[in-house]
Amino acid sequence: MAPQVETSMIQLVEREAEKRELTGSEILLRSLIREKVEVIFGYPGGAVLPIYDHLYKGKIRHLLARHEQGAIHAADGYARATGKPGVVLATSGPGATNLVTGIATAMLDSVPLVCITGNVAQNLLGTDAFQEADITGITMPITKHNYLVRDVKELPSIVKEAFIIATTGRPGPVLIDIPKDVSNAKAVFSYPVELEIPGYKLPGKPDPAQLEKLYAAISEAKKPVILAGGGVVSSGAADELREFAEKSGIPVATTLMGLGGFSGNHPYWLGMPGMHGTYAANHALLECDLLIGIGVRFDDRVTMGRIDEFATRARIVHIDIDPAEIGKNVSTWTSIVGDVKTVLQAVNQNVLQSDSQAWFEKLQTWRKDHPLVYQDNSPYLKPQWVIEEIYRSTWGEAIISTDVGQHQMWVAQYYRFHHPRSLLTSGGLGTMGFGFPAAIGAKLGVPDRPVIAVTGDGGFQMTSQELALLTLENIPVKVAIINNRYLGMVRQWQEVFYEKRYCDVDLTGGPDFLKLSEAYGIRAWRAKTKEEASQAWKEAMEHPGPAVVDFWVDPEENVYPFVAPGSRLDEMVMGDE
Amino acid sequence: MRQILSVLVNNQPRVLARVASLIGQRNFNIESISVGETENPSFSRMVIVTRGDLPTITQVAKQLNKLIDVIQVEQLEKEQTVERELMLIKVEVPPDKRTEITGIIEPFRASIVDVSPQSLVVQVTGEPSKLEAMIELLRPYTILEVARTGITAVARGSVKKAAVL
Ligand SMILES: Cc1ncc(C[n+]2csc(CCOP(=O)(O)OP(=O)(O)O)c2C)c(N)n1
Ligand SMILES: [Mg+2]
């Protein structure tokens, strides 16, 4: 289970250096190097001064974010885009608490992060010392695991354990809290090669009996459908999923987190289901007689919380790495617990074509007759059109991060994702302020793909201070602000559920995003018409450095289709059809 | 339905906090929780009494299993389990009434573990219903304080294998 540590990289000189006693800080950094960490996002302070002193001499790139929340979302974007663990470093007290939103964001979307915080020295712990916060207590429910390091000798094995836990099984954030006396204390460094973690269980290979049951279900089904989620992306199973769908002839709906796990160009693709899902995907989930959920958790944005009305005629087969997801939200007919990639590889060996031609044709008709639509006839620039334009400029090859709100849904609907790890979005926690810093991390991890942050005029202001990083570190991220002068998604709910009593959603008079960008030395454009938009976007993409484009779109455009919470999936308001 | 889980955990600082926090976070309720070291000082055993139907209890167990410090979760069947709780109950009793108390507690095989001029401390062990009956019988006297350990439990020797969840 424990991945082997490559020792070949470590130079002899360092080996020599490691024979003497090292401080906790040096041990930490050497441990991170052993874990092949290339970049750390962080922010210094008193409790981590010893660690920063070693970063100063060190071999790991450190990016100074302008807020710890920016740092952790950047580490998260790096992890989502690369599949490697993101590392973030913050000081005690306020530094640590500023990480909290980012940790919860990563937890809900199963993103591997290792978060390192300093704390006050152990003799002060528990005394409300200056900048003391009980961060291990605070983050207990939002980390996969956390540690308070009490002895410098434990540090290497804790770091190793943290990386194993963050990256294996269902990934997630792990926090290591290091009191200042521990980073100053000395010990001889020795990094464990292998490590047993008692109590940490990983699923093995799927049981042949379960595979047989799945095969039987497929052969008996007339209306099968696959619902693929973030687990497909994080386990790297996109190829296996395509093979499974094609061999079995079963169409695929992808959740928000699953977008890109199955190509948006594939004839079997039904789109995203749920609150803002497509007609075909939502109706397929209601009418199917076999629902194969792969790496999904049947979240209430997909089921609308109406389990009593969800796939009621279907046998549900649930494939997931986390046994606790099985039966948590929906009851299953059978389940296979395991890494999605491993399971699908086994499934694909003997899977046969299902007998579902008529169903397949019906779905194709739904797809044709009920596409996503918007009215493009007002004087305003339409946000959906902007997303399509961004798609046309990159043909699905870019990495797109989003913030949270209407623009996020329009990206999910109108940008066609063809590759996994291409959409970085806070699906579970719905964290405004995530999108822009996540793009920074993604660009660092994947420098050869274009990285575009599509963000709202509201959410961008939550972490726009990270514009500083783009110039100072020369990171050519492109930012597309879908500027509707509103907290658009909240406004839409106030329109629909509160009779247009718009309360505290108006953002007019907000900052001039051009001036804001220019203050950070970044080139910026504004566009209010299609012509301006095409021109500005073209120039921004051709510009070698970072760029910001402020798209002024129709302020009162709504996201459709729309299923109200508590409604059945086919009770869809289709919008301006 | 009342359910008893026996949870083997790493004997680590804060492990009780982790388990209790998780149960609260997941919106399950705890009727009682007790914890103590096992024969192996690296491990502790927690006995958790909760309420819920089978799917709920399975979900509690699965969530507990995700905690790194949880080694194993077993479900104990009521009929096949020895359950015990210890209670200390301090009662205001003037010296002339002490024999009365002795008479009351004797059928419970309870004992008087502390005597002072105006009060007694009674220790009683057993199933929760027995402890409650004891409280009721002593209520006519003035009860000064009650302290209970919460349930601890093991599967009977005749049980080959408890249900590991
Ligand atoms: C941190 C945080 N606070 C509040 C919310 C609630 N919320 C969801 S969408 C939204 C509006 C977002 O506005 P904007 O960023 O302009 O995006 P738009 O919906 O207009 O595209 C708000 C306030 C949230 N998701 N996250
Ligand atoms: Mg907006």
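Expressed as a rounded percentage, what relative contact order does segment B:82-152 have, with Cα pairs under 8 Å and six or more residues apart?
Details: 117 pairs, mean separation 37.1, N = 71.
For segment B:82-152, the relative contact order is 52 percent.
Note down the relative contact order for chain B as a percent, whole number, built from C-alpha pairs under 8 angstrom at least six residues apart.
Details: 299 pairs, mean separation 46.8, N = 165.
Contact order relative to length: 28 percent.
Whole-Hz ³J(HN,Hα) for each residue in segment B:29-43, computed from phi via Karplus 6.51 cos²θ - 1.76 cosθ + 1.60 with θ = phi - 60°, x for glycine and proline: what do you get?
Working through the residues one at a time gives 10, 10, 8, 7, 9, 9, 8, x, 5, 9, 4, 9, x, 6, 10 Hz.
With a 1.4 Å probe and all protein chains left in place, how much of the accessible area of segment A:218-349 comes from carbon and sulfur atoms, in whole percent? Don't skip to the answer; put the middle values down first.
Working: 1740 of 3830 Å².
So the carbon and sulfur contribution to the accessible surface is 46 percent.
At a threshold of 8 angstrom on Cα-Cα distance, excluding pairs fewer than six apart, so keeping six or more, what relative contact order does segment B:19-81 reach in percent?
Numbers: 50 pairs, mean separation 16.6, N = 63.
Relative contact order here is 26 percent.
Rounded to whole Hz and in sequence order, give me ³J(HN,Hα) for segment A:191-196 from the Karplus expression 6.51 cos²θ - 1.76 cosθ + 1.60, θ = phi - 60°, writing x for Gly and Pro.
Working through the residues one at a time gives 8, x, 7, 10, 8, 8 Hz.
Hey, what number do you get for chain B at 222 nm if only DSSP H runs of n ≥ 4 count, each worth -39500 (n - 2.57), divided across all residues, to the nearest 500?
Numbers: 4 runs with 43 residues, N = 165.
Counting only the DSSP helices, I get -8000 deg cm²/dmol.
For helix A:238-248, report the angle its Cα long axis makes with the longest principal axis of the Cα atoms of chain A; keep it between 0 and 90° and round to the nearest 10°.
Relative to chain A, helix A:238-248 is tipped by roughly 30 degrees.
To check you understand DSSP bridge types, tell me what percent of the beta bridges within chain A (both residues inside) are antiparallel, rounded to 5. Could you put the intermediate results ahead of the total?
Values: 5 of 70 bridges.
Within chain A, antiparallel bridges account for around 5 percent of the total.
Can you list residues from other chains, or at least 5 along the same chain, whose modelled amide H is less than 5 Å from the amide H of A:Q122?
Amide H to amide H, under 5 Å and 5 or more residues apart or across chains, A:Q122 pairs with A:K180, A:D181, A:V182.
Starting from the Cα of A:S378, step 7 Å along the direction of its Cβ; do the same at A:A564; then give the gap between the two resulting points in nm.
2.2 nm
Just in segment A:372-420: which chymotrypsin sites (Phe, Trp or Tyr not before Pro) are loop by DSSP and have at most 10 other Cβ atoms within 10 Å? Intermediate results must be reported in sequence, preceding the final value.
Details: sites: A:Y374, A:Y380, A:W385, A:Y391, A:W395, A:W410, A:Y414, A:Y415, A:F417; in loops: A:Y374, A:Y380, A:W395, A:Y415, A:F417.
In loop regions of segment A:372-420 (DSSP not H, G, I, E or B), the sparsely surrounded chymotrypsin sites (Phe, Trp or Tyr not before Pro) are A:W395.
For A:E309 and A:S219, what is the calculated FRET efficiency with R₀ set at 25 Å and r taken between the beta-carbons, to the nearest 0.05?
Step by step, r from the Cβ atoms, then E = 0.40.
In whole Hz, what ³J(HN,Hα) sequence does segment A:502-516 give by Karplus (6.51, -1.76, 1.60; θ = phi - 60°), x for Gly and Pro?
Whole-Hz 3J(HN,Hα) from phi for segment A:502-516: 6, 10, 6, 10, 7, 10, 4, x, x, x, 6, 5, 5, 5, 4.
Could you report chain A's accessible area per residue, 1.4 Å probe, as an integer in Å²?
Numbers: 21790 Å² over 577 residues.
Value for chain A: 38 Å² per residue.
As I understand it, the value is the acute angle between the Cα axis of helix A:357-369 and the longest principal axis of the Cα atoms of chain A; what does it come to in degrees, rounded to 10?
90 degrees
Hey, with R₀ at 25 Å, roughly what FRET efficiency would B:E145 and B:D53 work out to, going by the Cβ-Cβ distance, to 0.05?
Values: r = 36 Å, r/R0 = 1.44.
With a Förster radius of 25 Å, E is 0.10.
Per residue of chain A, what 222 nm ellipticity follows from adding -39500 (n - 2.57) for every DSSP H run with n ≥ 4, rounded to the nearest 500? Write out the running numbers ahead of the final one.
Numbers: 24 runs with 213 residues, N = 577.
The helix contribution divided over chain A gives -10500 deg cm²/dmol.
Report, to the nearest 10°, how far helix B:15-25 tilts away from the longest principal axis of the Cα atoms in chain B, using its own Cα long axis and a range of 0 to 90°.
80 degrees
What are the residues whose amide H is under 5 Å from the amide H of A:L424, where those residues sit 5 or more places off or on another chain and H is modelled from the backbone?
Amide H to amide H, under 5 Å and 5 or more residues apart or across chains, A:L424 pairs with A:I400, A:S401, A:T402.
Which residues' amide hydrogens lie under 5 Å from the amide hydrogen of B:V93, considering only partners 5 or more residues apart or on another chain, with H built in the peptide plane?
When sequence neighbours closer than 5 places are left aside, the close amide H contacts are B:S119, B:L120.
The values are calculated or read from the model by the stated rules, or taken from the named source; none is laboratory data. Keep in mind the model is a prediction, meaning the values are calculated, not measured. Every residue, glycine as well, gets a Cβ built from its backbone with ideal geometry; the counts of neighbours run over all protein chains shown. Surface areas here come from the heavy atoms of the whole protein model, side chains and all, with no ligands, DNA or RNA. Shrake-Rupley method; radii C 1.70, N 1.55, O 1.52, S 1.80 Å.
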